[in-house]
Amino acid sequence: MTLDFTATLSERQLDVSLQVARRQVVAVLGPNGSGKSTLLSLIAGLLRADTGRAVLEDTVLFEVGGEGKPSWVPPHARGVALLAQEPLLFPHLTALDNVAFGPRSLGRSRSAARTLARHWLEEVGALQYADRRPAQLSGGQGQRIAVARALAVDPRLLLLDEPMAALDVAVAPALRQVLRRVLRDRAAVIVTHDVLDALLLADRVVVIEGGKVVEQGPTAQVLSRPRSAFGARIAGLNMVRGAMEERGVRGADGILIEGLANQQVDLGEAAVAVFRPSAVGVYRQPPGGSPRNVLEVTITELEPLGEQIRVRTAGLSADVTPAAVAELDLAPGTRAHFAVKASEVAIYRA
Amino acid sequence: MSRRAHVALPGWLFVPAAGGALFVVLPLAAMLTRVEWGDFLGLVSSDSSVDALLLSLRTSCASTLLCVLFGVPMAMVLARTSFRGQQLVRSLVLLPLVLPPVVGGIALLYTFGRRGLLGESLDVLGIQVAFATTAVVLAQTFVALPFMVVSLEGALRTAGGRFESVASTLGAGPTTVFRRVTLPLVLPGLFSGAVLAFARSLGEFGATITFAGSVQGVTRTLPVEIYLQRVTDPDAAVALSLVLVVVAVMVIGLARGRGSL
């Protein structure tokens, strides 16, 4: 276990336990105001908990109100780096010196820190901006440099607080790729409201609502079969994993799901096709017409979800109106066809 | 600078606004009409004038330095910590802003004067503060320090603590954060605070004459010299006043040039 964390903070009505295993990326999902950012501040040492205890590897970060002796390690001695929504690059330093700041603070020589900074700038694909000031960088460029700056101190735990939220939708996928690469083999906690971040970056998902953990588990399980209300609202995604072909992803069961690749995915590469249950149409007879994916399925379960009914099969789900369920006479065991337009399917590198 | 469209002001507002501006500018213009331009250089370069000018510049530089040395830590403590009674401390620290300088001078006299609270101890050590140049510097620092603290505390609050938080998670200890992040971030505020403190020191009169007296070359600063000359040599007083106006304009220009006043 890398991080074992328990804390309460009555001011924010937070009462959370969180574990991060070695080399594991944990995504924390939850609605606004649920306490996600507070959680990160507590781990980083920017806030003090009322009660609780946190252990990072073999160091007790803090202990308060428990059986052990109260203790507190200040933020700069925790080995926990924090990446926020905005890059927060120091405006008076160049990109290179921003990245070198951490190593310098940890006692490296100026030249060693700069060498390390260049390495990390290259790692995030931002070496060409080394001599620029933050004011001369776009949001996406700035955030890449902020990633490099956080990694340059080789943190024992990396905290990411909605790192893509302030970015242009056109820039976010590229940064997500960078994060995907650098988070490999690293312990990290990423707070996000974007289910794709969780899907593509995290091994495990924790859902927080009203300051409490309401659900947690392996990413695929939580995202495809969420048990919490919030999880169901944002997740419940259909995911087909397989190998990339020319027109889509060939799933393990041989079915081809056509879709639009959000990024460069090479042929034969492992990929995942993602689509929302609300994008799926349910038919008794195979539908014709416009080009779309049609999958023959057997319904296993019908579940009310707000004003919709979620129709589940072994691996997929569709949201339809109660009227449609009645009209199509759907019930567990019914054979049906799920249809989804290729334009509703997003394909990512898996 | 962005060009923003403003909602139109009510027309009548311009009348009192122009009146107020005139009220500030007109006396300066009136003074200009009285300057003896032909003899200007002679008037400002008399021994006593040059002594007063040099003394003013020296003491103002010294008190500005003291304002930086004490004001920066004070502003940091006020902006970056919270403790019981902080509001009270802030009010007391800023008191010289609203206190009549003469009262400040009296207070200093009873602190550092020969019979003062600390004066007797200092006297034993052979240090005499009152009616020496040191007294001028103390009087100026007393009245100018709040300008430094207010200006810098505002800059610190505007900058916020987020960069400092990030720096600390990157392994920077409190001193490194202060030196490499906080200070560079608030440098414009520090600069304009120093400029304001310098200007206030240069113009200090009431506390100085009460606490430091008026000995040529020792405690007689430019404002004191102007006050004394006003009776015996009005032309010299006007000429020296003009020197102070020019210095003040330069100070404002300097602070404006940095875009932070």
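Picking from A:L328, A:L305, which residue would you name as being surrounded by 12 or more Cβ atoms within 10 Å (Cβ to Cβ), modelled with pLDDT under 85, assigned by TED's automatic domain parsing to the domain that holds A:Q264 and more than 30 Å from A:Q177 (Cβ to Cβ)?
Among A:L328, A:L305, only A:L305 is surrounded by 12 or more Cβ atoms within 10 Å (Cβ to Cβ), modelled with pLDDT under 85, assigned by TED's automatic domain parsing to the domain that holds A:Q264 and more than 30 Å from A:Q177 (Cβ to Cβ).
Being surrounded by fewer than 19 Cβ atoms within 10 Å (Cβ to Cβ), in a strand (DSSP E or B) and modelled with pLDDT of 85 or more is true for just one of A:E296, A:E215. Which residue is that?
A:E296
Checking A:R118 against (1) within 14 Å of chain B (Cβ to nearest Cβ); (2) at pLDDT 95 or above; (3) over 21 Å from A:A166 (Cβ atoms), which single condition isn't satisfied?
Unmet condition: (1).
Quick check: anything in segment A:15-31 within 14 Å of chain B (Cβ to nearest Cβ) and touching a residue at least 12 places away in the same chain (Cβ under 8 Å)? I'd like the intermediate steps shown before the answer.
The first filter runs over segment A:15-31 and keeps only residues within 14 Å of chain B (Cβ to nearest Cβ), leaving none.
No, segment A:15-31 contains no residue that is within 14 Å of chain B (Cβ to nearest Cβ) and touching a residue at least 12 places away in the same chain (Cβ under 8 Å).
Criterion first (in contact with a Leu (Cβ under 9 Å, 6 or more places away or on another chain), in a strand (DSSP E or B) and under 25 Å from A:S228 (Cα atoms)) does A:L302 satisfy it?
yes
This table checks each residue for (1) in contact (Cβ under 8 Å) with a residue 24 or more places away in the chain; (2) within 21 Å of A:Q19 (Cα to Cα); (3) buried (at least 23 other Cβ atoms within 10 Å of the Cβ).
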| site | (1), (2), (3) |
| --- | --- |
| A:A130 | yes, no, no |
| A:G142 | yes, no, yes |
| A:R156 | yes, yes, no |
| A:L175 | yes, no, no |
| A:V206 | yes, yes, yes |
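Considering only segment B:156-177, state which residues are within 25 Å of the chain's Cα centre (by Cα) and not basic (K, R).
B:L156, B:T158, B:A159
Yes or no, residue by residue, for (1) within 14 Å of another protein chain (Cβ to nearest Cβ); (2) part of a loop (DSSP other than H, G, I, E, B); (3) out of contact with any Asp or Glu (no Cβ under 9 Å at 6 or more places or on another chain):
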position: A:E63; (1), (2), (3): no, no, yes
position: A:G68; (1), (2), (3): no, yes, yes
position: A:P87; (1), (2), (3): yes, yes, yes
position: A:F90; (1), (2), (3): yes, yes, no
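Give the residue, chosen from A:V153, A:V206, A:V214, that is touching a strand residue (DSSP E or B) at 6+ places or on another chain (Cβ under 9 Å), within 14 Å of chain B (Cβ to nearest Cβ) and either farther than 30 Å from A:G268 by Cβ or of a type outside the set (A, V, I, L, M) (or both).
Numbers: A:V206 fails: within 14 Å of chain B (Cβ to nearest Cβ); A:V214 fails: within 14 Å of chain B (Cβ to nearest Cβ).
Criteria check complete, one pass: A:V153.
Only one of these is of a type in the set (G, A, S) and more than 22 Å from B:S192 (Cβ to Cβ): B:A79, B:A130, B:A75. Name it.
Being of a type in the set (G, A, S) and more than 22 Å from B:S192 (Cβ to Cβ) holds for just one of B:A79, B:A130, B:A75, which is B:A130.
One residue is enough: does segment B:58-74 have a residue meeting the conditions in a helix (DSSP H, G or I) and at pLDDT below 90?
no
Name the pairs: first residue in segment A:61-83 and of a type in the set (K, R), second residue buried (at least 17 other Cβ atoms within 10 Å of the Cβ), Cβ to Cβ under 6 Å, at least 6 apart or on different chains?
Correct list of pairs: A:R78/A:G45; A:R78/A:L61.
For segment B:5-61: of the residues being over 27 Å from B:F198 (Cα atoms) and surrounded by 13 or more Cβ atoms within 10 Å (Cβ to Cβ), which is farthest from the chain's Cα centre (by Cα)?
B:E36
Could you please tell me which pairs satisfy a Cβ distance under 8 Å, a separation of 6+ or placement on different chains, a first residue in segment A:91-110 that is surrounded by 18 or more Cβ atoms within 10 Å (Cβ to Cβ), and a second residue that is in a helix (DSSP H, G or I) and of a type in the set (V, I, T)?
Hits for this filter: A:A95/A:I145; A:N98/A:I145; A:V99/A:I145; A:S105/B:T176.
Tell me, which helices (runs of 4 or more DSSP H) lie completely within segment B:182-261 with 3 or more residues that are of a type outside the set (A, V, I, L, M, F, W, C), in contact (Cβ under 8 Å) with a residue 12 or more places away in the chain and within 23 Å of B:P101 (Cα to Cα)?
B:187-203, B:206-211, B:222-232
Filter segment B:200-211 down to the residues that are of a type in the set (G, A, S) and surrounded by 22 or more Cβ atoms within 10 Å (Cβ to Cβ), then identify the one that is nearest to the other protein chains (Cβ to nearest Cβ).
B:S201
When segment B:62-93 is examined, which residues are found to be small (G, A, S) and either surrounded by fewer than 14 Cβ atoms within 10 Å (Cβ to Cβ) or touching a strand residue (DSSP E or B) at 6+ places or on another chain (Cβ under 9 Å) (or both)?
Passing the criteria: B:S82, B:G85, B:S91.
Name every residue in segment A:92-115 that is of a type outside the set (G, A, S) and within 9 Å of chain B (Cβ to nearest Cβ), in order of residue number.
A:H92, A:L93, A:F101, A:P103, A:R104, A:L106
Any chance segment B:151-160 includes a residue that's within 10 Å of chain A (Cβ to nearest Cβ), closer than 26 Å to B:L94 by Cα and crowded, with 17+ Cβ neighbours inside 10 Å?
Yes.
Here are some conditions: (1) surrounded by fewer than 19 Cβ atoms within 10 Å (Cβ to Cβ); (2) in contact with a Ser or Thr (Cβ under 7 Å, 6 or more places away or on another chain); (3) aliphatic (A, V, I, L, M). B:A139 meets all but one. Which one does it not meet?
That leaves (1) as the condition not met.
Please pick out the residue among B:T81, B:T59 that is of a type outside the set (D, E, K, R) and in contact (Cβ under 8 Å) with a residue 60 or more places away in the chain.
That would be B:T59, the only listed residue that is of a type outside the set (D, E, K, R) and in contact (Cβ under 8 Å) with a residue 60 or more places away in the chain.
From A:D319, A:D253, which residue is over 25 Å from the mean Cα position of the chain (by Cα), closer than 29 Å to A:L201 by Cα and acidic (D, E)?
None of the others qualify; the one that does is A:D253.
Restricting attention to segment B:222-235, does a residue exist that is surrounded by 15 or more Cβ atoms within 10 Å (Cβ to Cβ) and within 27 Å of B:G154 (Cβ to Cβ)?
The answer is no, given that none of the residues of segment B:222-235 is surrounded by 15 or more Cβ atoms within 10 Å (Cβ to Cβ) and within 27 Å of B:G154 (Cβ to Cβ).
Scan segment A:74-81 and give yes if some residue there is more than 9 Å from every other protein chain (Cβ to nearest Cβ) and under 30 Å from A:N32 (Cα atoms), otherwise no.
No, that holds for no residue.
Filter segment A:25-61 for residues that are of a type in the set (S, T, N, Q) and part of a strand (DSSP E or B); which is nearest to B:F178 (Cα to Cα)? Lay out the reasoning, then the answer.
Taking segment A:25-61 and keeping what is of a type in the set (S, T, N, Q), we get A:32, A:34, A:37-38, A:41, A:51, A:59.
Then keep just the ones that are part of a strand (DSSP E or B); that gives A:51, A:59.
On the way: A:T51: 30, A:T59: 26 Å.
Looking at residues that are of a type in the set (S, T, N, Q) and part of a strand (DSSP E or B), I get A:T59.
Going through A:R276, A:R250, A:R241, A:R233 one at a time, which residue ends up being at pLDDT 85 or above and charged (D, E, K, R)?
Result: A:R250 is the single residue among A:R276, A:R250, A:R241, A:R233 that is at pLDDT 85 or above and charged (D, E, K, R).
Filter segment B:177-188 down to residues that are surrounded by fewer than 18 Cβ atoms within 10 Å (Cβ to Cβ) and either closer than 18 Å to A:T94 by Cα or within 8 Å of chain A (Cβ to nearest Cβ) (or both), then give me how many there are.
4
Answer yes or no: is there a residue in segment A:127-141 that is within 14 Å of chain B (Cβ to nearest Cβ) and in a loop (DSSP other than H, G, I, E, B).
yes
The values are calculated or read from the model by the stated rules, or taken from the named source; none is laboratory data. All figures in this text were calculated on a predicted structure; none of them were measured in a lab. Heads up, the Cβs are rebuilt from the backbone with ideal geometry, glycines too, and the neighbour counts pull from every protein chain shown.
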